[in-house]
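Comments concern the structure below.
Just so it is clear, none of the values below were taken in a lab; they were calculated from the coordinates. All figures in this text were calculated on a predicted structure; none of them were measured in a lab. All Cβ positions, glycine included, derive from the backbone under ideal geometry; neighbour counts span all protein chains shown.
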Amino acid sequence: MFEGHGLDLSQTPDHPTIDELRSRQLKIANVVENDSLLIIVNNPESIRSADVEYPYRASSDMLYFVGWSKPDAVFCISNRGGEMKSLLFIPPRDTLKETWTGLRIGLDEATNQFPIDRAESIEDITDILASELEKSTNVYHQRGLSDIVDRVVDDALLETSRMRQRTGFGPANLCDPRPVIAELRLMKSETEIALMRHSCRIGSAAHIESMQQAFSGMAEYQIQAVIEGCFIHNGSQWSYPSIVGGGDNATILHYNENNSPVNDGELVLIDAGCEIAGYASDITRTWPINGKFTEAQAILYQLVLDSQMAAISMCKPGATFDDPHNAAKKVLAQGLLDLGIISGPTLEEAMSSEQLGTYFMHRTSHWIGLDVHDVGVYAPDDTPRILESGMVLTIEPGLYFGAWRPDVDIDEKWAGIGIRIEDDVLITENGCDVLSDDCPKTIADLESIIGSAA
Ligand SMILES: [Mn+2]
């Protein structure tokens with residue numbers, strides 16, 4: 001079990017090198033205004049119950065610029081007169097605390113092992129950050145993650161007018177760092193692509209494993225256990241809570257109760273992905289639990305698959321972010337018109353939110369990277385983004401015929417069918433590369449795999 005079914009999962013690609021992390025810092029330092037201080041506060045820890053915390057996940061920006069994955073850290077990049085300096089605040093070594101929560105990296109080790117010019121104790125952040133702020137005109141800081149950092153920045157901005165009058169220095173502008181960082185993160189490097197490809201490969205192996213283990217009556221959480229067991233077995237973990245929905249549950253887009261049996265004759269929709277060094281995969285497959293599509297299921301499944309292939313064929317440099325979505329919508333609308341499920345009469349009308357939107361109510365794509373729904377503006381200046389080599393997006397059309405829905409009268413033939421097919425697609429120089437291509441999705445392939453190991 002969990003061995004990968006011919007996919008090579010043994011070699012985890014290299015993580016970004018110190019040099020690559022440094023070059024990212026240099027890029028952002030060149031993008032922000034001169035005399036700036038950019039502050040990145042790591043995600044706070046969050047409580048699950050009493051003194052038990054949720055497993056910690058560092059902020060994607062902290063991973064992107066520093067590769068630092070521990071809590072209570074604050075990273076700063078200053079750009080003064082074209083010179084970039086980086087500073088990381090971290091918890092100092094503390095034998096008593098380390099006995100409980102694990103070994104810490106000391107300040108000297110951090111300076112040697114991470115792409116930073118200087119490490120300081122987080123306990124000294126108030127004074128040191130204040131003095132860094134005094135020397136900066138523009139402060140790039142996202143509020144709301146640390147009360148202490150917010151207070152130091154507020155104090156510095158309040159002091160500004162007095163200080164600037166006296167010395168001509170001091171922070172004058174508070175800027176949002178997210179748009180400038182998002183533009184960098186949108187374009188993936190070779191290192192990042194290799195990690196995402198590996199994450200997709202483990203994700204594909206997990207989906208295949210669940211297909212093989214499937215049997216009628218299997219509980220949704222048992223399928224989830226196979227999927228997530230495969231993630232963990234291969235040194236990974238989920239990148240978002242797994243969605244495993246049988247029958248009508250598949251028509252709830254973000255269903256994650258995962259507590260019902262999947263009965264004979266039902267489809268199961270599994271939307272599950274993992275992460276490697278923070279880099280996510282996001283894969284959805286839908287298939288019959290008993291290994292054989294009914295006629296109605298096969299008709300709708302093939303329609304969704306055709307729409308997904310049409311959308312993938314639009315993934316190329318020069319196309320817009322909306323082109324794959326429009327291609328998918330066109331195929332789905334024509335298919336539902338032909339089946340008499342929507343009335344048109346024109347294709348234009350069939351593609352409207354009132355008609356197609358009744359059964360396909362989400363977008364086809366989102367960016368993916370360190371965040372599953374990764375950063376990057378979809379329509380800068382309200383115009384759909386032109387796709388470029390190095391961008392990675394999902395292609396995930398679907399159709400949902402929830403029998404539970406009070407707003408629409410669904411033919412019994414289609415009721416209780418929810419289908420989504422999702423792959424992660426890299427835009428390349430000449431077209432695209434489907435990173436999750438190892439995961440089967442044709443009707444013939446699925447039917448030959450499902451239940452083969454149960
Ligand atoms: Mn997705």
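Here the Karplus relation 6.51 cos²θ - 1.76 cosθ + 1.60, evaluated at θ = phi - 60°, turns the backbone of region 235-246 into coupling constants of x, 10, 7, 5, 9, 6, x, 5, 9, 10, x, x Hz, with x for every Gly and Pro. Summing charges over all other residues whose Cβ lies under 12 Å from the Cβ of N42, with Lys and Arg as +1 and Asp and Glu as -1, gives -1.
Working note: Karplus 6.51/-1.76/1.60 with θ = phi - 60° gives region 314-325 the couplings 8, 7, 7, x, x, 6, 9, 4, 7, 4, x, 4 Hz, where Gly and Pro are set to x.
Once a ≥ b ≥ c are taken as the square roots of the eigenvalues of the Cα gyration tensor of the chain, is the result rounded (a/c under 1.5), prolate (a/b larger than b/c) or oblate (a/b not larger than b/c)? Prolate, since a/c reaches 1.5 and a/b exceeds b/c.
Using the rule -39500 (n - 2.57) for each DSSP H run of four or more residues, divided by the residues of the chain, the 222 nm mean residue ellipticity is -11000 deg cm²/dmol.
Work out how much length F2 to L174 would gain on full extension: take 0.36 nm times their residue separation and subtract the Cα-Cα distance, in nm to one decimal.
Values: separation 172, 0.36 × 172 = 61.92 nm, distance 4.93 nm.
Full-extension gain reported as 57.0 nm.
The dipole here belongs to the chain: it is taken about the Cα centre, uses +1 on the Cβ of Lys and Arg and -1 on the Cβ of Asp and Glu, and is about 660 debye. Charge tally around G6: other residues with Cβ under 13 Å, Lys/Arg +1 each, Asp/Glu -1 each, net -3.
Can you tell me, using C-alpha contacts under 8 Å and at least 6 residues apart, the relative contact order of the chain as a whole percent?
Working: 947 pairs, mean separation 69.4, N = 454.
About 15 percent, as a whole number.
The alpha-carbon of K292 sits under 15 angstrom from the alpha-carbons of these aspartates and glutamates, leaving out residues fewer than 8 places away in its chain: D264, E266, D445, E447. For the modelled label position 7 Å from the Cα of S452 along Cα-to-Cβ, which residues of region 1-29 have backbone nitrogen atoms closer than 16 Å? Correct set: 1-8. One decimal place: the segment D72-R93 gains 6.3 nm when fully extended, by the rule 0.36 nm per residue minus the C-alpha distance.
Using 0.36 nm per residue and subtracting the Cα-Cα separation, the extra length available between W100 and E412 on full extension is 106.5 nm.
Which FRET efficiency value, to the nearest 0.05, is calculated for A225 and E295 with the Förster distance at 25 angstrom and r the Cβ-Cβ distance? It would help to have the intermediate numbers written out before the result.
Numbers: r = 31 Å, r/R0 = 1.26.
The calculated FRET efficiency here is 0.20.
Counting only aspartates and glutamates at least 8 places from K329 when in the same chain, those with an alpha carbon closer than 20 Å to its own are D306, D338, E348, E349, E354, E396, E422, D423, D424.
Distance between the pseudo-spin-label points of Y56 and D306 (7 Å out from Cα toward the beta carbon): 5.2 nm. Computed from the Cβ-Cβ distance with R0 of 35 Å, the FRET efficiency linking D445 to R363 stands at 0.85. With each label modelled as a point 7 angstrom along the Cα→C-beta vector, the D14-D382 pair spans 4.6 nm.
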